[in-house]
1. Counting only residues that are closer than 30 Å to Ala306 by Cα, give me the strands (runs of 3 or more DSSP E) lying completely in segment 175-278 with at least 1 of them.
2. Any residue in segment 344-367 that is among the basic types (Lys, Arg) sitting within a Cβ distance under 6 Å of a residue that is assigned to a helix (DSSP H, G or I)? List the pairs, counting only those 6 or more apart or interchain.
3. Tell me, which residue of segment 127-141 that is part of a loop (DSSP other than H, G, I, E, B) and of a type outside the set (Val, Ile, Thr) is farthest from the ligand (Cβ to nearest atom)?
4. Having 1 or more residues that are within 22 Å of Val67 (Cα to Cα) and modelled with pLDDT of 95 or more is the bar; report the helices (runs of 4 or more DSSP H) wholly within segment 289-389 that clear it.
5. Go through Phe19, Phe5 for me and flag whichever is over 20 Å from the mean Cα position of the chain (by Cα), among the hydrophobic types (A, V, I, L, M, F, W, C) and open to solvent by 10 Å² or more (accessible area, probe 1.4 Å).
6. Residue check: is Ala289 open to solvent by 20 Å² or more (accessible area, probe 1.4 Å) and within 18 Å of Cys260 (Cβ to Cβ)?
7. Please list, ordered by first then second residue, the pairs with beta carbon atoms under 6 Å, 6 or more apart or interchain, first in segment 122-136 and among the polar types (S, T, N, Q), second at pLDDT below 95 and more than 8 Å from the ligand (Cβ to nearest atom).
Amino acid sequence: MEFSFSDEQQHLRRTVREFAEGEIAPHVREWDAEAHFPAEIVPKLAEMGLLGVIFPEKYGGAGFGYVEYALIVEELSRVDGAVGLTVAAHNSLCTNHIYKFGSEEQKRRFVVPLAQGKKLGCWSLTEPEAGSDASGTRTVAQKDPRGWVLNGSKTFTTNGSYADVCVAMAVTDPAKKSHGISAFIVEKGTPGFRPGKREDKLGLRASDTSEVVFSDCRVPAENLLGEEGEGFVNSLQILDGGRISIAALALGMSQGAYECAVQYAKQRKQFGKAIAEFQAIQFKLADMATQIDAARLLTYRAAWLADRAIAEGGDHEGRFTRESSMAKLYAGEAAVRVANEAVQILGGYGFTKDYPAEKFYRDVKLCTIGEGTSEIQRLVIARQLLGKS
Ligand SMILES: Cc1cc2nc3c(=O)[nH]c(=O)nc-3n(C[C@H](O)[C@H](O)[C@H](O)COP(=O)(O)OP(=O)(O)OC[C@H]3O[C@@H](n4cnc5c(N)ncnc54)[C@H](O)[C@@H]3O)c2cc1C
């Protein structure tokens, strides 16, 4: 067994950390307060290859695997989870869906500019009436002689207001239920396609979360992504990889909250000594560090398994489903506990915006909700354990 990162991976971590601390950290409070989507850093993310992490160079990507991807999302999220989530939705949801299930032509047309970061992507599965039960999708796509006509609306789409390319799931054959939902590539500017309401959120406020609306939105036949009727089933595979990025997001934010608490505990004096000298605080820090380590091991194991499945080729279905759900479940719930303790260690100051603990406390909650709630992760894991489909 090998528990250490390679020299290249450590170098990558340092590079992303320097970027996050230099270019993102100075703006985090302002972006959060104003719920400002930092479009200005998208070209910088692109320049560093962070918008095409898991795609081969021949499709404009950086040619990394999931281990490097998790590392990147972790480091960005250690400074700002909102940027981590923007990168995650673009890479492992939108672009990966086209890369994994698209035709060669679709990969050349869409994956290349997305991976190069010339375009930003979003991925729309969730609807107002179809959240955990995404098979209840109501958005419809009807065939017509010139292609498909989409009608309906999606909710909670990360990057929804800013994306140039949207991968959206729509019902093409209601009788076939989950095998009657197809995926479509919809480009910004297509008549009948527009972002709707932008959510005003508890946390990750600089990440854009929007409604996406289709009204008589016509897309050409060649924008059907993957096999007709298999969009929902393919989405479940896409979520296997996506959940690794949410685990990394949780891990990075936990690390950020923990570091803030350690630093504060060492300098804050009460009863004549640093609060880090009180055993009650030490035990909290020990529990936080232990949970972060467990989350890290689960996250990188899932990433390593994903890389191994890809290297072995063939169909990846189910080959790291259980492990990515376990990583996402544990890392997400641990992040909530860690951020809570970080605020506690900072006392009253933890409740103010003078320290990042407060923001981490709000931001981490998404990790028990997005890309499948904790309850749904437990269902996925139990199904895998019990061999149910
Ligand atoms: C910031 C943010 C970004 C997001 N980004 C995207 C995105 O880019 N693309 C996208 O498609 N979606 C996105 N989502 C949507 C997200 O994936 C859904 O919110 C999530 O899947 C839960 O769906 P829901 O909100 O409708 O909750 P519901 O499904 O209504 O769940 C409500 C509660 O009921 C529980 N529950 C539901 N069913 C069961 C069950 N069978 N057993 C036990 N408990 C159950 C849930 O766990 C939860 O606690 C995003 C959400 C947020 C908040």
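1. Where strands (runs of 3 or more DSSP E) fall fully within segment 175-278 and carry at least 1 residues being closer than 30 Å to Ala306 by Cα, they are 181-187, 209-219.
2. Partner pairs satisfying both residue conditions: Lys359/Asp32.
3. Top of the filtered list is Arg138.
4. Answer list for segment 289-389: 321-350, 374-386.
5. Phe5
6. Yes: the conditions hold for Ala289.
7. Matching pairs, first to second residue: Ser135/Ser178.
Okay, residues lined up against (1) more than 12 Å from the ligand (Cβ to nearest atom); (2) closer than 18 Å to Val219 by Cα; (3) more than 20 Å from the chain's Cα centre (by Cα); (4) open to solvent by 50 Å² or more (accessible area, probe 1.4 Å):
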{"position": "Cys122", "(1), (2), (3), (4)": "no, yes, no, no"}
{"position": "Leu125", "(1), (2), (3), (4)": "no, yes, no, no"}
{"position": "Val149", "(1), (2), (3), (4)": "yes, yes, yes, no"}
{"position": "Ala168", "(1), (2), (3), (4)": "no, yes, no, no"}
{"position": "Thr172", "(1), (2), (3), (4)": "yes, yes, yes, no"}
{"position": "Ala175", "(1), (2), (3), (4)": "yes, no, yes, yes"}
{"position": "Ala183", "(1), (2), (3), (4)": "no, yes, no, no"}
{"position": "Thr190", "(1), (2), (3), (4)": "yes, yes, yes, no"}
{"position": "Phe193", "(1), (2), (3), (4)": "yes, yes, yes, no"}
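The values are calculated or read from the model by the stated rules, or taken from the named source; none is laboratory data. Predicted model, so just to flag it, every value in this text is computed and none were measured. In this analysis, Cβ positions are derived from the backbone assuming ideal geometry, glycine residues included, and neighbour counts consider all displayed protein chains. For the accessible areas, the whole protein counts, side chains as well, though only heavy atoms, and no ligand, DNA or RNA atoms are used. Shrake-Rupley method; radii C 1.70, N 1.55, O 1.52, S 1.80 Å.
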